[in-house]
Amino acid sequence: MTESYQIYALKYRPKTFEEMVGQKAVVRTLQNAIKANRVGQAYLFAGMRGVGKTTAARILAKALNCVNGPTPTPCNVCESCESIREDRSIDVLEIDGASNRGIEDVKTLRESVKYKPIRSRYKVVIIDEVHMLSREAFNALLKTLEEPPPGTVFIFATTELYKVPATILSRCQVFEFKKASPRDIVNHLNDIATQEKLKISPGGLALIAEASEGSIRDSLSLLDQAVAFCGEIIEDAELKEILGAVNRDLLFDFSTAVLEEKPERIFALTATVLDSGYDLRIFMKELVQHFRNLLVVKSVKQPEDRIALLSPEELARLRVEADKGGEDDFLRYLQALQNAEPGLRFSSHPQIYFETTLVKLCHYRKLVSLKDILQNLEEPKKGGPGAGPADSRPSKPAWTPPSAPRKADPPPSLREGFRPKPPAPNGEDARPSPAGRSPLSPPAADVPPSARKKFEETALKDPGVRSFMDKFKARVITIDELKGKPETEEN
């Protein structure tokens, strides 16, 4: 009878702390606690899927109960280590929080931990996805968690730390498991490919690392899938087909259309994206990453340190593309694409939304900032259009924003201490009228209020005044002399 196949995620599951990938801070803390005999009564491991939370819990259980222990390096050959690895140890209870989430399940657990371990040094309780427990179950666990029986250690694991009550968190040592870096994943996959005698390029390993999004388990599952599809020789083209990776040539086509300001290309390229079966939302995500890479290449002297997953050929191609624009251009493109992502996700017409967003980007370099416009208005260039000896028109002063009216300049009739002069004996203004005075010229400021009121009534009957006040919804505050010819309603 042939032995059943074991997937890579189980076959290469870490058996010691040293084999864990990307969790140096957690590993060092746990090892030092075991060495110093400072093991706590409760631990909580939080992090995204596939980063080693349950694996670390099992290794900690083996380290506490190993024949040579407690030791930071369990032997993995003794009966205790073997039984824990195979999940058949009666002193190490591994519970699924999603299916045992009620208060009755916690009561049963509390009864079982009252008894001392039968064959091991410690009784270890591992609850996976602990955030799924009900509120009543959490409350029933508080007392036991705060004062557990001697020789009992609780280890919780969760992917949603914010759902765990603060009363539980305060009783645990919380460890945050980070996403594995792309470089760490590539190195780990390369070691496994060497052991399995697989032929895969560094670019293929980078594609798998990028698709796994920091999850070690996901990367191993994708490698398993690639071997099942391609065999021991994994080509990049076949790997892209499996992963559904976006064609980088399409990304460069879009960036070229934007940088060369050719919006007519956007519609044909969008049709190509849809014909290739890509989701526009996923393609937008890749486009944001592409423009980010262009910004990095344009801004950083050694971009290979910031873009770890690209080959030297792709970096050279990015440099050529980045020379078509400036840092400010790529920054504006990035901001516009990121602002458009939420709208594309919820749009009822994703294609139209996507096309209009990219067409806008094609016109971004034609826009002029408000600061430049104001500067040109305040400091007009000499020798510009309309200037020259043949133009005898006086130059207009540069426009400046209107200032707020000064409170110190009220009309003369409102000033303190103002006393109007008495009218002349004949009832007319004794002052000589200047030559060329308009019929609508206002009376002197020192005439009686009745005379000014009569003048206002006369002025408001003028067609030009009425047309102006109707057009601008104006009201009379002060009266100045009307320059030029009055405007009539016919004009």
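The values are calculated or read from the model by the stated rules, or taken from the named source; none is laboratory data. What you see is a predicted model, and the numbers here were worked out from it, not measured in a lab. Methodologically, a virtual Cβ is constructed for each residue, glycine included, from the backbone with ideal geometry; neighbour enumeration extends over all protein chains shown.
Scanning the stretch 154-184 for residues that are in contact with a strand residue (DSSP E or B) (Cβ under 9 Å, 6 or more places away or on another chain) and of a type in the set (Asp, Glu) turns up Glu160, Glu176. Among the criteria (1) more than 23 Å from Ala209 (Cβ to Cβ); (2) outside any helix (DSSP H, G or I), the one Arg13 does not fulfil is (1).
So is Arg38 part of a loop (DSSP other than H, G, I, E, B), among the basic types (Lys, Arg) and either under 33 Å from the mean Cα position of the chain (by Cα) or surrounded by fewer than 14 Cβ atoms within 10 Å (Cβ to Cβ) (or both) or not? It is true that Arg38 is part of a loop (DSSP other than H, G, I, E, B), among the basic types (Lys, Arg) and either under 33 Å from the mean Cα position of the chain (by Cα) or surrounded by fewer than 14 Cβ atoms within 10 Å (Cβ to Cβ) (or both). Can Lys360 be described as out of contact with any Lys or Arg (no Cβ under 6 Å at 6 or more places or on another chain), part of a loop (DSSP other than H, G, I, E, B) and surrounded by fewer than 17 Cβ atoms within 10 Å (Cβ to Cβ)? Here the answer is no, as Lys360 does not meet what is asked.
In the stretch 254-270, the residue that is surrounded by the most Cβ atoms within 10 Å (Cβ to Cβ) out of those that are of a type in the set (A, V, I, L, M) and out of contact with any helix residue (DSSP H, G or I) (no Cβ under 6 Å at 6 or more places or on another chain) is Leu259.
Taking the criterion of being part of a loop (DSSP other than H, G, I, E, B) and in contact with a Ser or Thr (Cβ under 7 Å, 6 or more places away or on another chain), the residues of the stretch 48-75 that qualify are Met48, Arg49, Gly50, Val51, Cys66, Val67, Thr73, Pro74.
In the stretch 170-193, the residue that is surrounded by the most Cβ atoms within 10 Å (Cβ to Cβ) out of those that are of a type in the set (D, E, K, R) and in contact with a helix residue (DSSP H, G or I) (Cβ under 9 Å, 6 or more places away or on another chain) is Arg171. Out of curiosity, is Glu136 among the acidic types (Asp, Glu) and at pLDDT 90 or above? Yes. For the stretch 188-206, a tally of residues being touching a residue at least 40 places away in the same chain (Cβ under 8 Å) and within 31 Å of the chain's Cα centre (by Cα) returns 4. When the stretch 58-73 is limited to residues that are buried (at least 22 other Cβ atoms within 10 Å of the Cβ) and touching a Phe, Trp or Tyr at 6+ places or on another chain (Cβ under 9 Å), the one that is nearest to Met20 (Cα to Cα) turns out to be Ile59.
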